[in-house]
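Some notes on the structure that comes next.
The values are calculated or read from the model by the stated rules, or taken from the named source; none is laboratory data. The model shown is predicted, which means the values in this text are computed figures rather than measured ones. Cβ: placed from backbone, ideal geometry, glycine included. Neighbour counts: every protein chain shown. Areas reflect the complete protein model, heavy atoms only, side chains present, ligands, DNA and RNA absent. Shrake-Rupley method; radii C 1.70, N 1.55, O 1.52, S 1.80 Å.
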Amino acid sequence: MSNIKDYLKPSVTGGARPSSDPYHRMDPEYYSSDEDSALYQELEKYGITTHKIFHNAPVPVLYEQALKNEKGTLITDTGALVAYSGIKTGRSPKDKRVVQDEQTTTDGVWFGPVNIPLTEDSFMVNRERAVDYLNTREQLYVFDGYAGWDTKYRIKIRIISTRAYHALFMRNMLIRPTQQELIDFGEPDYVIYNAGEFPANRYTKGMTSSTSISLNFKRREMVILGSQYAGEMKKGVFTIMHYLMPKQGVLSLHSSCNEGKDGSVSLFFGLSGTGKTTLSADPNRYLIGDDEHVWTESGVFNIEGGCYAKCIGLTKEKEPEIYDAIRFGAVLENVVMEEATRQVEYESEEITENTRACYPLDYIPNAKMPAVAKHPNNIILLTCDAFGVLPPVSKLTIPQTMYHFIAGYTAKVAGTEVGVTEPTATFSACFGEPFLVFHPTKYAEMLADKLSKHDCQAWLVNTGWVGGSSGSKAKVRGKRCPLKYTRAIIDAIHSGELRQQETAELEIFGLHVPTKCSGVPDELLIPKNSWTDKAAYDETLKQLAQLFNKNFKNYEDKASKEIIGAGPKL
């Protein structure tokens, strides 16, 4: 038997242990101390001189490192790693910056409240600050992986972080390279420097807080300061794809995707609370992905190698696939555990309402691997209309699809946020405005082209209120549309039943509403029919239309007359 002390010595990048060692499986090397290795030379070019590097470390090693070095890190009774992201328990969109230079100006980057411009000099100050901090650490964690399951469009991403939890998170969320792919990885297309434990300098030009999420497309780099929330890395990669993919003529989308056993494909769009995760996780269909996709000339592919699910209130009964995926290798963020049993208290909001679970895609039993599919048959835009005036389902024309895609409407209801006591309209362009790089109309026009070319039907599905509004001040109090009816609607879309159904036109909005749907009461399909006070319905419908029109003024500068004309008419 080989000497155990020799076996436990760190491996050297570029030089594997002899194959005669029966205890080593010849996995990719994960702990590098060889300053002559290719990895060290690349890190040195970035200005990083830390000597202890964990490179694409396996899960057990990252567990050990996190438990040893990161305060509060624990293991649940199911084997998942619990980590805490510090003060920041969500993204900081107001601290996102994009370098404005000749390249981004020529490319037509949509600078403004979403992509706040930053000078090259300020970016380099942040970069220098991040690299200096990384160099003070005893060890760093580097993960090399891919974004995109289609090898024609995938990009190489390198994550450099100070926390093992961040490396494990991105090991789950990116597509993990094989041993040979890692050997051949070469220089990455983009590098993310995650120095989130160290703050930005608030006096650096362009900074408004001690948090900074900075992107430089010309240098192909992203710098994180002042936030340890792992979702910043995930959405940073998505923002990069939102920049690169349209430049190659393919459409990046903030959506989930599933595939029927007959090969039919559906894309689901929806903001938080609309049911996107629940409705796309159909046990009778294969999951392609839960959040980020690209529609190409040959079909759809998932950008990610994992899932990032909200887990507040999670139960095995409601979402068994997600519940069972939270096991060894998964990461739980900012959850509360019962001290004695290590059981997670999923209902607890003690730390944050935004508790999250991150796990590899193949932890879902019906996930399709590799995560690619043919062209979609249906596009489903989900909204939770708390005003209760939109139909449970509407069949959209292409101009209407463009309009409602750009609008990205849902409504907050009482109890979802502090201070929200009545229905509040929320709009997020393309159902993911914080991640857009170009003007929303660019993505909408590309979507319209795809719908037309591939005979894809779009639908607006309201998972919100029927028979009245929510809120204590509502003239007519309604109720949330029962999930069984929404599922029946989705099933009817997938079966093709609704595509053949006769429709009636909804006043003001001009939506085409199916008059019949198996498993759904007829009176619910036409919303006015389920309101006891018809005048109150008319008044509320006009109120919502006004909110739509006010919101759309933000995009009219680049929207065609056809798109504008597909909105509500008062």
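Every residue, every condition in (1) under 15 Å from the mean Cα position of the chain (by Cα); (2) of a type in the set (Ser, Thr, Tyr); (3) over 14 Å from Leu381 (Cα atoms), yes or no:
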residue: Ile240; (1), (2), (3): yes, no, yes
residue: Gly263; (1), (2), (3): no, no, yes
residue: Leu267; (1), (2), (3): yes, no, no
residue: Lys276; (1), (2), (3): yes, no, no
residue: Leu279; (1), (2), (3): no, no, no
residue: Val294; (1), (2), (3): yes, no, yes
residue: Ser298; (1), (2), (3): no, yes, yes
residue: Asn302; (1), (2), (3): yes, no, yes
residue: Lys318; (1), (2), (3): no, no, yes
Margin query: For region 167-202, which positions are of a type in the set (S, T, N, Q) and in a loop (DSSP other than H, G, I, E, B)?
Written below: Thr178, Asn201
Notebook entry, point to check: Only one of Lys473, Lys542, Lys561, Lys553 is among the charged types (D, E, K, R), modelled with pLDDT under 95 and open to solvent by 60 Å² or more (accessible area, probe 1.4 Å); which?
Noted result: Lys473
Checklist line | Lone qualifier among Glu42, Glu35, Glu70, Glu29 - being in contact with a strand residue (DSSP E or B) (Cβ under 7 Å, 6 or more places away or on another chain) and at pLDDT below 95 | finding: Glu29
Notebook entry, point to check: Which is open to solvent by 10 Å² or more (accessible area, probe 1.4 Å), touching a residue at least 12 places away in the same chain (Cβ under 8 Å), charged (D, E, K, R) and assigned to a loop (DSSP other than H, G, I, E, B), of Lys205, Lys235?
Noted result: Lys205
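So that you can scan it fast, the table gives a plain yes or no per residue for (1) within 29 Å of Ile175 (Cα to Cα); (2) crowded, with 17+ Cβ neighbours inside 10 Å; (3) at pLDDT 95 or above:
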position: Ile312; (1), (2), (3): yes, no, no
position: Glu319; (1), (2), (3): yes, yes, no
position: Val344; (1), (2), (3): yes, yes, yes
position: Glu353; (1), (2), (3): yes, no, no
Check: Among Asp262, Asp282, which is the only one that is closer than 30 Å to Gly496 by Cβ and either basic (Lys, Arg) or touching a Gly at 6+ places or on another chain (Cβ under 9 Å) (or both)?
Finding: Asp282
Margin query: Tell me the residue from Ala340, Ala357, Ala407, Ala386 that is open to solvent by 30 Å² or more (accessible area, probe 1.4 Å) and small (Gly, Ala, Ser), please.
Written below: Ala340
Margin query: Which count do you get for residues in region 265-298 that are more than 29 Å from Thr424 (Cβ to Cβ), open to solvent by 20 Å² or more (accessible area, probe 1.4 Å) and small (Gly, Ala, Ser)?
Written below: 1
Note to self: Please go through region 516-536 and give me each residue that is under 23 Å from Leu483 (Cα atoms) and either open to solvent by less than 50 Å² (accessible area, probe 1.4 Å) or of a type in the set (A, V, I, L, M) (or both), ordered by number.
What the structure shows: Cys517, Val520, Pro521, Leu524, Leu525, Ile526, Pro527, Ser530, Trp531
